[in-house]
Each structure stands twice: as structure tokens, then as C-alpha cells.
Amino acid sequence: MLAALVIAAMLAGSPLAPSSDDSLRVMAWNVLHGSNDVDQGPEKTLAVIRSAAPDVILMQESYDIDGERPKLGKWLSEQLDWNYHQGESPHLCVLTPLEMKATFFHHKWHGLGALLTDDRGRSLLAWSIWLDYRAFITYELRDNPDMTDEQLLAAEHERSARLPEVTALIEHIKGEGHLAADIPVIVGGDWNTPSHLDWTTDTARVFKRRRALDLPVSMAMHDAGFSDSFRDVHPDPVQQPGITWSPMFRGTGETPQGFDRIDRIYLKNPARPEGDWTLHPVAGTVLPTPWEDDGIEVRDRMFPSDHGAVLVDMQWRKANAAPVPMVSAPATPVELRVLAFNILTGGNGAGPNGASPLSGKPRHAAIAAAIERVDPHVVLVQEEGGEMRIIEILQANDPAWHRRGGGERGQAVYARYPIEGINQNTSRIMHPDGPFVVHNVHWPPYPYGPYEIRTRLLADQPVDVQEILRMVDKGEVYADAYRSVQPSLAAGVPVIVGGDFNEPSHLDWTARYVQQGGERWMDNPTETMMKYEIAWKGTSMLADPESYRDELGLEPGAVLPPMVDAFRMIRPNEVADPGTTWTPRYIKDSPGRGNFDSTGFEDALAAQPTAVLDRIDMIHVSSNLQPRSVLVLGDAGDPSSDIEFEDWPSDHRAVLATLWWTP
């Protein structure tokens with residue numbers, strides 16, 4: 001279920017047109033070795049297709065699925081109950097729910113096609129193609145920047161066969177009578193070379209490995225009467241580069257990647273259309289959006305290919321008819337930046353680290369400066385406790401700031417828009433484009449699961465996971481949080497639940513972490529590492545409320561939409577990217593604090609109990625909010641701190657989520 005949610009969220013902000021009887025969504029996608037390189041790759045490919053909902057897929061690398069299953073295209077057709085054509089090709093495939101009236105074959109590696117008809121009798125010709133990968137021209141320029149233009153262009157016909165291959169493809173399509181057909185022709189796939197529409201004077205200024213050149217493969221398609229459908233929708237290659245190579249392989253410090261748009265969909269409309277019907281591109285995007293964290297191992301990726309998938313929405317129109325306004329322009333997403341920040345005793349008291357210049361001094365200015373540096377629209381503050389000096393600093397610099405305090409455990413909400421109360425911990429933010437709801441979490445710190453495990457390990461007692469879960473259950477706080485936002489979730493209002501959960505996430509204490517993860521407990525003196533698979537209740541309930549329906553006690557039949565952990569959606573590898581927020585390092589004898597580690601002690605046992613590091617500050621969002629990035633603010637030098645501060649003013653790191661919302 002999580003994989004489907006993550007993939008759906010990857011597609012949620014894609015700027016595509018709404019569906020209608022006159023719409024046709026075309027996907028071109030190289031699925032990478034039959035999707036075998038990624039764990040559950042075929043299932044993830046199926047999830048992408050179901051979420052993207054194309055009408056036609058022009059697929060490459062539809063190879064045999066590992067195990068006892070058929071080629072990927074055939075398996076997908078069975079799962080979707082669609083038509084498909086792969087014929088004698090080891091990897092090219094046309095996949096569609098439309099009626100497939102005829103099939104065509106050019107070359108087992110380079111091209112095959114089909115005649116498709118929709119339920120209104122409108123037909124089109126669709127070709128899936130692939131060209132020679134050798135001597136990729138962007139790599140050629142990267143590796144030999146002093147090449148002349150003539151030497152560089154020779155990559156297309158001397159060091160590879162791309163130009164001869166596309167020439168032969170066009171001649172074959174022409175020989176089939178398709179160039180003169182009275183229905184639209186679509187040719188799409190992996191061209192393994194950029195377009196002349198992307199290698200321009202302006203893009204050469206912006207991208208390191210481009211020149212202003214008439215690249216011959218795309219020029220051949222242009223000369224044959226085809227238009228580049230993505231560029232029809234997005235004519236500016238600087239503002240909308242449409243990169244498809246490569247979201248998975250982004251290069252290294254020694255060998256940088258050559259990013260480019262090598263997967264494309266071409267369209268040719270007839271001069272005298274049958275029934276006067278022609279196709280017109282109205283929207284386009286490239287998946288995934290956003291790209292996954294580069295540190296995630298290939299096997300663990302959610303998007304299962306090294307090529308981005310091109311999606312172009314086309315509209316059937318009568319010849320010379322005006323476009324239908326409802327699909328002419330996709331809505332522009334609104335960006336929301338939300339910060340979850342436990343500020344530690346209102347910025348008063350001893351401070352988190354005895355080595356800091358802030359130790360023993362008021363931290364209000366440092367907290368306000370941290371907030372201003374990342375420029376959020378909303379701050380979910382914990383441990384504010386009515387301390388007004390931070391919001392006063394913010395308001396002095398920007399009068400747009402509003403505040404709502406009174407949270408049951410000292411929470412407050414700061415926002416650049418008016419705030420209305422829903423209940424003690426839940427607020428409605430009155431954004432100019434429409435309201436959204438925030439629930440400010442500050443659950444009780446004790447009992448705390450990792451500390452209970454630490455106690456048992458120190459006592460050489462067995463750790464029973466179910467016993468730990470029963471012992472640390474915080475009671476009604478979990479259900480209260482979900483019940484507070486359920487009406488808004490059910491009504492489709494955007495919802496954000498964030499703050500200091502004082503409990504880890506079930507997405508971090510996983511079987512994979514047990515096998516591959518590091519030690520959480522600083523200088524653990526026992527022989528047992530603190531690594532267990534534990535479905536911590538709070539985040540489990542947000543992610544799968546249906547499983548807690550009885551405990552939630554809502555009306556029978558109540559809709560229970562799940563929420564997504566924004567950090568883990570963008571950065572799903574809990575082993576490589578733990579995202580620790582509790583707690584930043586501090587020195588021995590820091591006022592009011594226990595021992596961080598065993599520094600200054602003769603042995604690790606004498607220092608106990610030492611810190612247990614974890615991610616307990618989180619932001620969860622509804623499905624109509626698309627996370628674009630999630631960053632951790634904290635102490636300089638720690639690998640968990642994405643945005644570093646020399647003197648961090650809290651014992652928690654903060655979490656900043658940038659979200660897209662289409663009202």
C-alpha cells in the first residue's frame with residue numbers, strides 16, 4: 001500500500017489536463033530491463049501506469065520478467081485487461097485499452113506499431129521505437145569538449161547508427177502509407193539522442209553540455225512532417241527542459257551525468273482527416289515528479305526505471321475547431337513551506353548544549369533567525385508556552401505573521417495568513433487560494449519506546465516488541481489527532497499534521513533497518529544493537545487509519561483517508577537517510593541534560609544512559625499536497641542536518657517541507 005501511495009504522490013502534482021471524452025493521454029516509457037532492476041519492479045510499473053492513467057503506452061525494454069512470468073508488456077496487459085502488441089520484438093510494445101484493429105512491424109529493435117480506435121470510432125496510428133544507444137552525443141561533448149560541431153554530429157551516423165535507423169523507420173512508415181494516412185500518427189519512445197529544439201543558443205548558456213546545433217535525428221522527424229508534442233506544449237527548453245535521462249543515474253563527482261530529453265512523442269496530423277478529427281497536444285509532463293533521493297539504492301527505488309516517462313495529453317478536435325477551454329491550460333500549483341520546530345522551553349532556560357555561546361542565554365533571536373532563514377509560510381511550534389518574544393521579532397520584520405497559541409502542551413502556530421481555531425491543537429489557515437488545515441503535534445515524551453528498550457538491554461532482559469508497544473501506548477492522543485483532521489480529509493481540504501511526535505516512525509524501524517541499519521544508541525555497552533522491526537502506533541494510524549477504525553470510534557461508513565509522511569515519501573531509504581531529529585550532539589555536563597555519549601568516561605557502561613538517536617519530528621500530509629522537498633535544519637557538521645547552523649538553538653532539529661497544492 002505504501003508503494004502505491006508514494007507513486008501516486010509522485011504523480012499528484014504533474015501538470016496534466018483533466019480527462020474528457022475528447023482527451024487522449026499518451027505515455028512513452030523505457031521501463032529498464034523489464035523493470036527487473038528494482039524490487040517488485042513490475043508491480044511498481046503497474047502502479048505508475050494505474051496512477052498516470054494513459055490511453056496509449058509506447059514502451060521500450062519490455063523484456064521477460066524474472067521468474068516464471070511473461071514479458072512485461074504481456075503481464076501488464078493481463079493485469080490491466082488491455083490490448084498489447086509486441087510481436088517478434090524482444091522489447092518494443094504498444095499497450096492500450098483502446099481497440100487494436102491492426103498491427104505493424106518494422107524492426108525487432110527499432111519499431112513496431114498498431115492501428116487503434118476509441119469508442120467513438122476515432123482512429124490513430126501509434127508506433128513504439130528505440131534507436132542505437134552508442135555514442136550518446138551529450139556524453140561525447142562531456143568527454144571531448146573541444147570537438148568541432150562536425151565531429152560531434154558524426155556521433156549520429158558514424159559512431160552510432162541512429163540517423164540511418166530513423167531514416168529507415170520513416171521510410172518504412174511512409175511505405176505503409178501512414179505518412180499519407182487520413183488519421184493522426186504518433187511515434188514515440190527512446191531516441192537515445194537529444195532534440196534540436198533543446199540544443200539552442202539559450203540552453204547552451206544554461207546547460208554545461210549543449211550547443212546550438214541542428215541535431216539530425218529530430219530534424220529528420222521534423223522534415224517528415226512530425227511535431228514534437230512536448231515542445232508544442234512547452235516551447236521554452238530553458239524553463240521546461242523535460243529531462244528524461246536520467247532520474248535514476250545522476251553521475252558521480254568523477255563522471256557527471258549528461259542530462260537530456262531523449263524520450264519523446266511525435267505527432268503528425270493528416271492533411272484531410274477522416275471525419276475531420278485531428279489531435280492537438282494540450283499538456284505534458286515527465287515522471288517521476290519529484291525525483292527520488294539519489295542516495296537510495298537502485299533496488300529500493302519506487303520509480304522503477306532509469307528513464308523518465310513522458311506523458312502528453314492530446315485533445316481530439318474537429319479540423320479548424322477552437323480548443324475546449326476546460327483543458328487548454330493546467331492549473332498552476334501553489335507552493336507551501338511548512339516548518340515543524342520544537343524550540344525547547346520557549347527559548348528560555350539553559351539551552352541544549354553547554355558548548356554553545358547560547359548556553360544560559362535567551363535563544364529567542366536565534367530561533368527567529370532560523371525561521372527567517374528558511375522563509376516558511378507556516379511554523380508549527382512546540383514548547384512555545386506563550387512566550388511572545390519570537391513572534392514579536394518575526395512580526396517586527398514582517399507584519400504579515402499571525403499567531404495562534406494555546407496548544408494543550410504549549411504548541412503555537414505561526415502563519416503568514418490569518419488563522420482560525422478548530423480545536424485546541426488544530427487550526428485552519430486562511431490562504432488566499434483557499435483554506436488548509438494544520439494539526440500541531442506535541443505528544444507526551446514518556447513513556448518513550450527506545451528508552452524502554454534501552455532499559456531492558458542494560459538489564460540484560462529480552463525485548464518483546466509487543467510488550468514494548470503496549471507499555472508505551474500514549475492512549476487517546478493518536479486517535480484524537482486523526483479525529484481532529486478526519487472531517488477535513490474527508491471533505492478534500494488539504495491537511496498537514498506535524499510537530500514533535502515524541503515517538504519514532506514505523507517507516508524507520510523496519511525489517512530492512514534490522515538487516516542493514518546502524519546503531520541508534522550512542523556507545524551501546526551491550527552486545528545487542530538497538531534494531532527492531534516495530535510498527536509504532538502513532539504514524540501507523542496516520543498511514544493506515546482503516547486498520548484502527550474501531551479505535552477511532554467514528555460513525556459507521558466514515559471515510560478514513562490515509563496520510564503520507566512527507567520526509568519518507570521524498571527520502572524513502574531509512575538506512576541511508578535516517579533524518580535524525582532527536583537529538584543534536586552536546587558536550588558532557590551540559591546543564592539539564594544527561595550524557596550524549598561516553599566521552600569523558602572510562603567505559604561506555606559508566607556513561608549510561610546515553611542518547612538514542614531517532615526521527616521524531618515529522619510532517620504528514622494529505623494526498624492533495626505533493627511534497628517537493630523535505631529538509632532537516634540543525635547543528636553544523638551532523639550528517640542529518642541539510643541546512644546547517646553554527647549555534648543551533650534547540651535540542652530537536654527542525655523539519656522543513658516544501659509542498660505543492662493545486663486549489
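For region 89-104, indicate whether the set of residues that are surrounded by 21 or more Cβ atoms within 10 Å (Cβ to Cβ), in a loop (DSSP other than H, G, I, E, B), in contact with a Lys or Arg (Cβ under 6 Å, 6 or more places away or on another chain) and without any contact (Cβ under 8 Å) to a residue 60 or more places away in the chain is non-empty. Within region 89-104, one or more residues are surrounded by 21 or more Cβ atoms within 10 Å (Cβ to Cβ), in a loop (DSSP other than H, G, I, E, B), in contact with a Lys or Arg (Cβ under 6 Å, 6 or more places away or on another chain) and without any contact (Cβ under 8 Å) to a residue 60 or more places away in the chain. Checked against (1) open to solvent by 30 Å² or more (accessible area, probe 1.4 Å); (2) farther than 20 Å from residue 619 by Cβ, residue 517 passes all but condition (1).
Looking across region 301-347, the residues that are at pLDDT 95 or above and open to solvent by 40 Å² or more (accessible area, probe 1.4 Å) come down to 337, 345. Residues in region 184-204 that are among the hydroxyl-bearing types (Ser, Thr, Tyr) and open to solvent by 10 Å² or more (accessible area, probe 1.4 Å): 200, 201.
Of all the criteria given as (1) outside any helix (DSSP H, G or I); (2) closer than 30 Å to residue 54 by Cα, the one not satisfied by residue 230 is (1).
Remark: residue 570 matches the filter, which requires a residue to be farther than 29 Å from residue 458 by Cα, touching a residue at least 24 places away in the same chain (Cβ under 8 Å) and either in contact with a strand residue (DSSP E or B) (Cβ under 9 Å, 6 or more places away or on another chain) or open to solvent by 60 Å² or more (accessible area, probe 1.4 Å) (or both). Among the residues of region 371-406, those identified as part of a helix (DSSP H, G or I), within 32 Å of the chain's Cα centre (by Cα) and touching a residue at least 40 places away in the same chain (Cβ under 8 Å) are 371, 373, 374. Within this structure, residue 250 fails the test of being over 19 Å from residue 60 (Cα atoms) and over 22 Å from the mean Cα position of the chain (by Cα). Of the residues making up region 27-51, those that are in contact with a Ser or Thr (Cβ under 9 Å, 6 or more places away or on another chain), over 16 Å from residue 93 (Cβ atoms) and not in a loop (DSSP other than H, G, I, E, B) are 43, 44.
So which residues in region 253-266 are more than 20 Å from the chain's Cα centre (by Cα) and either hydroxyl-bearing (Ser, Thr, Tyr) or not in a strand (DSSP E or B) (or both)? Passing the criteria: 253, 254, 255, 257, 258, 262, 266. Got a sec? Which of 372, 387 is open to solvent by 60 Å² or more (accessible area, probe 1.4 Å) and at pLDDT 95 or above? Unique residue meeting the criteria: 372. May I ask you to list pairs of residues, at least six apart or on different chains, whose Cβ atoms are under 6 Å apart, with the first in region 70-83 being outside any helix (DSSP H, G or I) and the second being open to solvent by less than 50 Å² (accessible area, probe 1.4 Å) and small (Gly, Ala, Ser)? What qualifies is 71/62.
Scanning region 398-413 for residues that are farther than 15 Å from residue 436 by Cβ and either open to solvent by 60 Å² or more (accessible area, probe 1.4 Å) or aromatic (Phe, Trp, Tyr) (or both) yields 399, 401, 403, 408, 409. For region 286-316, the set of residues classified as out of contact with any helix residue (DSSP H, G or I) (no Cβ under 9 Å at 6 or more places or on another chain) and part of a strand (DSSP E or B) consists of 316 only. Going by the conditions given, is residue 366 among the hydrophobic types (A, V, I, L, M, F, W, C), closer than 30 Å to residue 587 by Cβ and either out of contact with any Lys or Arg (no Cβ under 7 Å at 6 or more places or on another chain) or open to solvent by less than 50 Å² (accessible area, probe 1.4 Å) (or both)? Judged against the criteria, residue 366 is a match. A single member of 283, 271, 204 is in contact (Cβ under 8 Å) with a residue 60 or more places away in the chain, farther than 22 Å from residue 131 by Cα and either hydrophobic (A, V, I, L, M, F, W, C) or in a loop (DSSP other than H, G, I, E, B) (or both), and it is 283.
Does residue 554 count as touching a Ser or Thr at 6+ places or on another chain (Cβ under 8 Å), more than 29 Å from residue 296 (Cβ to Cβ) and surrounded by 14 or more Cβ atoms within 10 Å (Cβ to Cβ)? In short, no. Restricting region 222-276 to residues that are among the basic types (Lys, Arg) and closer than 15 Å to residue 192 by Cα, the residue that is surrounded by the fewest Cβ atoms within 10 Å (Cβ to Cβ) is 261.
Apart from one condition, residue 544 fits all of (1) closer than 19 Å to residue 504 by Cα; (2) more than 20 Å from the chain's Cα centre (by Cα); the exception is (2).
Screening 523, 577, 508, 480 for residues that are of a type in the set (D, E, K, R) and open to solvent by less than 20 Å² (accessible area, probe 1.4 Å) leaves exactly one candidate, 508. Within region 41-56, one or more residues are in contact (Cβ under 8 Å) with a residue 24 or more places away in the chain and more than 23 Å from the chain's Cα centre (by Cα).
Hey, among the residues in region 119-141 that are open to solvent by less than 50 Å² (accessible area, probe 1.4 Å) and out of contact with any strand residue (DSSP E or B) (no Cβ under 6 Å at 6 or more places or on another chain), which one's nearest to residue 59 (Cα to Cα)? Ranking the qualifying residues of region 119-141, first place goes to 131.
The values are calculated or read from the model by the stated rules, or taken from the named source; none is laboratory data. Source: prediction; values computed, not measured. Heads up, the Cβs are rebuilt from the backbone with ideal geometry, glycines too, and the neighbour counts pull from every protein chain shown. With ligands, DNA and RNA removed, areas are computed over all heavy atoms of the protein, side chains included. Shrake-Rupley method; radii C 1.70, N 1.55, O 1.52, S 1.80 Å.
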